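Visitor: Please read through the structure below; I'll follow up with questions.
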Amino acid sequence: MSQSNNNNVIPKYLQEYEVSQECKDLIATLPMEQGWLATHLHQYQGFWFYTRQLQGLLSCQKHFNALNSDVILVTTPKSGTTWLKAWTFALLNRKKYPKMFQIHPLLTENPHFLVPFLEINLYADKNLLPDLNSLPSPRLFATHLPYVSLPKSIINSDCKIVYLCRNPKDTLVSLWLFTNKVKLEGSSTNSLEDSFKKFCNGVSLCGPFWDHVLGYWKKSLEQSEKIMFMRYEEMKKNPSFVLKELARFMGCPFSKEEEDEGVVDDILKLCSFKNLSNLEVNKKGKLPSGEENRAYFRCGEIGDSKNYLTAEMIEQLDTITEEKLGQYGFRF
Ligand code: PAP
């Protein structure tokens, strides 16, 4: 079967894309490992990216112009990206959709459709640059890029960065189950043992996980006005407090009237795992890139990883976390 015929049956996100000559030349010089989902991961600027993401990274580093009013969501994969996209989208658009349980884009579209990734969606095509000028302000974008790989305009402008991470045990298990779920039917599944080893060695999407977290943790301590550092576990345990902090950070704090009218609770309810995962669009729909929306909703709990990881695995992950982050005062 020819590549083009073959690509007709392979979802877009699993297709191998032609990358630019610049990207090919770079790849030839980079360390490479087998990917979790895509065929390869390439190590660039100290982190691991799949081929198409590397193309997008180079392109957005060169072409993305952040505006002072932009809000950039940065997450380690599987740390609650979908949830954070929903929260921030709902926060910024709450005046536009006052009857949010009747008419709201989140009721009919997946959060990933509403808040695109820079390097994975907007800049991933070697032949096409997005026109982002007509987007309403404040523009909302997402990325999984580590701090060292961010486009310079994000660092140098006054745009806001919202960073979200999650404890590495739940992150790993969520990533492992997700990649097996969205693999091509009939292809071999990743074993937990192999995925665990790779994750511990830093060879995971935008890994090493701990370096990703540390990069943003250090910067958030230096620049708390610019970078808000969030944890999935805090969102789960204290949602209304964190949502209000987030709104304040993003420059759209809740008014007393809004709080009295229950807008905080409404947004939390709209974006809850229960509500989003039960919507028709998230049960049956797909993203333009082909992933089934339901793959982004599994159980959404803290500590579910203990049902999969052995005691030794848990100990090893805890030890790495303490070794790598403990000295910086960071704990999950
Ligand atoms: P991404 O980084 O690939 O975009 P991301 O959304 O971070 O994915 O990961 C999905 C995780 O967030 C899943 O976690 P789990 O595997 O441990 O269950 C998913 O269930 C969880 N999730 C998605 N939506 C919500 C939500 N509304 N509330 C809480 N957790 C959620």
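The values are calculated or read from the model by the stated rules, or taken from the named source; none is laboratory data. For clarity, every value in this text was computed on a predicted model and none was experimentally measured. Backbone-built Cβ (ideal geometry, glycine too); neighbour counts: all protein chains shown.
Visitor: Pick out the one residue from VAL281, VAL263, VAL203 that is over 30 Å from LYS99 (Cβ atoms), buried (at least 16 other Cβ atoms within 10 Å of the Cβ) and touching a residue at least 40 places away in the same chain (Cβ under 8 Å).
Guide: VAL203 is the lone residue from the list that is over 30 Å from LYS99 (Cβ atoms), buried (at least 16 other Cβ atoms within 10 Å of the Cβ) and touching a residue at least 40 places away in the same chain (Cβ under 8 Å).
Visitor: For segment 44-85: of the residues being in a strand (DSSP E or B) and either free of Cβ contacts under 8 Å to residues at least 24 places away in the same chain or touching a helix residue (DSSP H, G or I) at 6+ places or on another chain (Cβ under 7 Å) (or both), which is farthest from the ligand (Cβ to nearest atom)?
Guide: The qualifying residue farthest from the ligand (Cβ to nearest atom) is TYR44.
Visitor: Let me ask you something else. Residue by residue through segment 214-257, note down the ones that are more than 21 Å from the chain's Cα centre (by Cα) and touching a residue at least 24 places away in the same chain (Cβ under 8 Å).
Guide: Selection gives SER240, GLY251, CYS252.
Visitor: Suppose we keep only residues that are at pLDDT 95 or above and surrounded by 16 or more Cβ atoms within 10 Å (Cβ to Cβ) within segment 1-34. Which one would you say is nearest to LEU205 (Cα to Cα)?
Guide: Once the filter is applied, the top-ranked residue is ILE27.
Visitor: Pull up segment 129-144, narrow it to residues that are of a type in the set (Ser, Thr, Tyr) and not in a strand (DSSP E or B), then point me to the one that is surrounded by the most Cβ atoms within 10 Å (Cβ to Cβ).
Guide: Among those residues, the one meeting the criterion is SER137.
Every residue, every condition in (1) within 14 Å of the chain's Cα centre (by Cα); (2) part of a loop (DSSP other than H, G, I, E, B); (3) buried (at least 19 other Cβ atoms within 10 Å of the Cβ), yes or no:
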position	(1), (2), (3)
ASN121	yes, no, yes
ASP158	no, yes, no
ASP170	no, no, yes
VAL173	no, no, yes
GLU185	no, yes, no
LYS197	no, no, no
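Visitor: Now for a different question. Are there any helices (runs of 4 or more DSSP H) wholly within segment 241-332 with 2 or more residues that are closer than 24 Å to LYS218 by Cα and more than 16 Å from the ligand (Cβ to nearest atom), and if so which?
Guide: Where helices (runs of 4 or more DSSP H) fall fully within segment 241-332 and carry at least 2 residues being closer than 24 Å to LYS218 by Cα and more than 16 Å from the ligand (Cβ to nearest atom), they are 311-325.
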